[in-house]
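Peer 1: Below is a structure I'd like to ask you about.
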Amino acid sequence: MPKDLEVLLRTTYFGAIMMLNPALVDAPLSLQFAVNSPPKTFIKTSGATVVMTAIVKVMVLPPGQPPVQLSSMTMEAKFNAKVSMSGKRLAVHADLRRFKIFSNQSALESLALIPLQAPLKTMLQMSVVPLINNWTKRGVRIPLADGIDFIEEVVEYHNGFIVIGANLHFSKGLREMMAGSSDIEPTTNTSTV
């Protein structure tokens with residue numbers, strides 16, 4: 001957690017910490033994120049968007065004791081998702097576009113959370129989103145036989161679906177590919193008239 005965010009959290013929840021136990025003022029703080037429903041994906045001609053909702057808990061970590069929850073809030077995040085094809089893999093890159101947090105307990109606490117919006121968004125952009133992108137950039141392998149590759153890849157966004165296309169490039173002849181495959185036996189076709 002960046003130091004300025006920790007100071008802001010400590011300032012915001014100072015009263016709650018003092019009411020719990022004044023000895024916890026210097027105890028470390030923790031943020032816990034948990035997605036509480038599957039992300040929703042929207043595809044339009046302008047691109048793909050992923051909207052997710054998560055519960056964020058602010059915890060104080062007293063030494064030698066179980067963590068104590070100071071607050072629980074709902075986080076809504078909206079990501080632009082760019083689908084790409086590279087080689088034989090389909091990958092996604094996400095960019096955080098909108099971010100909002102609000103309290104699960106009271107409207108008054110939601111007002112107190114306004115100063116936390118910008119630092120939490122920055123933390124997500126600098127630490128969480130790169131983790132997601134490192135995982136999604138590996139992509140999903142598209143099954144193609146050895147000797148066949150995609151070239152001139154194209155990704156088109158339409159309302160409700162994405163079209164992914166490419167030309168095929170054969171680096172081996174068909175007979176060589178079949179001979180090199182362990183599960184396909186090359187056959188010779190002969191016919192008599």
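The values are calculated or read from the model by the stated rules, or taken from the named source; none is laboratory data. Everything numeric here is computed off the predicted structure, so don't read it as measured data. Backbone-built Cβ (ideal geometry, glycine too); neighbour counts: all protein chains shown. With ligands, DNA and RNA removed, areas are computed over all heavy atoms of the protein, side chains included. Shrake-Rupley method; radii C 1.70, N 1.55, O 1.52, S 1.80 Å.
Peer 1: Sum up the lysine pairs in segment 40-150 that clear both bars: alpha-carbon distance under 14 Å and a spacing of 8 or more or different chains.
Peer 2: Number of lysine pairs found: 7.
Peer 1: Answer with a single label: of (i) 0.98; (ii) 0.96; (iii) 1.23, which was calculated as Rg/Rh (Cα atoms, Kirkwood Rh) from the structure in view?
Peer 2: Among (i) 0.98; (ii) 0.96; (iii) 1.23, the one calculated here is (iii).
Peer 1: Shifting gears a bit: In debye to the nearest 20, how big a dipole does the chain give about its Cα centre with +1 on each Lys and Arg Cβ and -1 on each Asp and Glu Cβ?
Peer 2: The calculation lands at about 380 debye.
Peer 1: Which ³J(HN,Hα) values, rounded to whole Hz and listed in residue order, are derived for segment 136-148 from phi using the Karplus coefficients 6.51, -1.76 and 1.60 in 6.51 cos²θ - 1.76 cosθ + 1.60 with θ = phi - 60°, glycine and proline given as x?
Peer 2: Those phi angles translate into 7, 6, 4, x, 10, 6, 8, x, 9, 5, 4, x, 10 Hz.
Peer 1: May I ask you to evaluate 6.51 cos²θ - 1.76 cosθ + 1.60, the Karplus curve with θ = phi - 60°, for each residue of segment 158-163 and list the ³J(HN,Hα) values in order in whole Hz, giving x for glycine and proline?
Peer 2: Going residue by residue, I get 10, 5, x, 7, 10, 9 Hz, with x marking Gly and Pro.
Peer 1: If the chain between residue 19 and residue 154 were fully stretched, how many nm would it gain, using 0.36 nm times the residue separation less the Cα-Cα distance?
Peer 2: Roughly 42.7 nm would be gained on extension.
Peer 1: Go through 71, 42, 28 and say which Cα lies farthest out towards the positive end of the charge dipole of the chain; charges sit on Cβ, +1 for Lys and Arg, -1 for Asp and Glu.
Peer 2: 71
Peer 1: Now for a different question. How high is the relative contact order of the chain, in percent, with contacts defined as C-alpha pairs under 8 Å that are six or more residues apart?
Peer 2: 17
Peer 1: Now for a separate question. Using R₀ = 25 Å, calculate the FRET efficiency as 1/(1 + (r/R₀)^6) where r is the Cβ-Cβ separation of residue 126 and residue 46; round to 0.05. Mind showing how you got there, number by number?
Peer 2: Working: r = 26 Å, r/R0 = 1.05.
Rounded to the nearest 0.05, the efficiency is 0.45.
Peer 1: Ok, one more. Select from segment 74-172 those trypsin sites (Lys or Arg not before Pro) which occupy a DSSP coil region and have at most 12 other Cβ atoms within 10 Å, ordered by residue number.
Peer 2: 138
Peer 1: Determine the share of segment 1-150's accessible area contributed by carbon and sulfur atoms, expressed in whole percent, with a 1.4 angstrom probe.
Peer 2: The value for segment 1-150 is 62 percent carbon and sulfur by accessible area.
Peer 1: Using alpha carbon centroids, what distance separates segment 8-30 and segment 67-110, in Å?
Peer 2: Taking the Cα centre of segment 67-110 as reference, the centre of segment 8-30 is 26 Å away.
Peer 1: If you average over every viewing direction, what projected area does the convex hull of the Cα atoms of segment 69-174 give, in nm²?
Peer 2: 9.8
Peer 1: Based on DSSP H runs of at least 4 residues, each adding -39500 (n - 2.57), what is the mean residue ellipticity at 222 nm of the chain after dividing by all its residues, to the nearest 500 deg cm²/dmol? Intermediate results must be reported in sequence, preceding the final value.
Peer 2: On the way: 6 runs with 48 residues, N = 193.
It lands at -6500 deg cm²/dmol.
Peer 1: If one takes the longest principal axis of the Cα atoms in the chain, at what angle in degrees, from 0 to 90 and to the nearest 10, does the Cα axis of helix 3-12 lie?
Peer 2: Approximately 50 degrees, to the nearest ten.
Peer 1: In degrees, nearest 10, range 0 to 90: what is the angle between the Cα axis of helix 114-123 and the longest Cα principal axis of the chain?
Peer 2: The answer is roughly 40 degrees.
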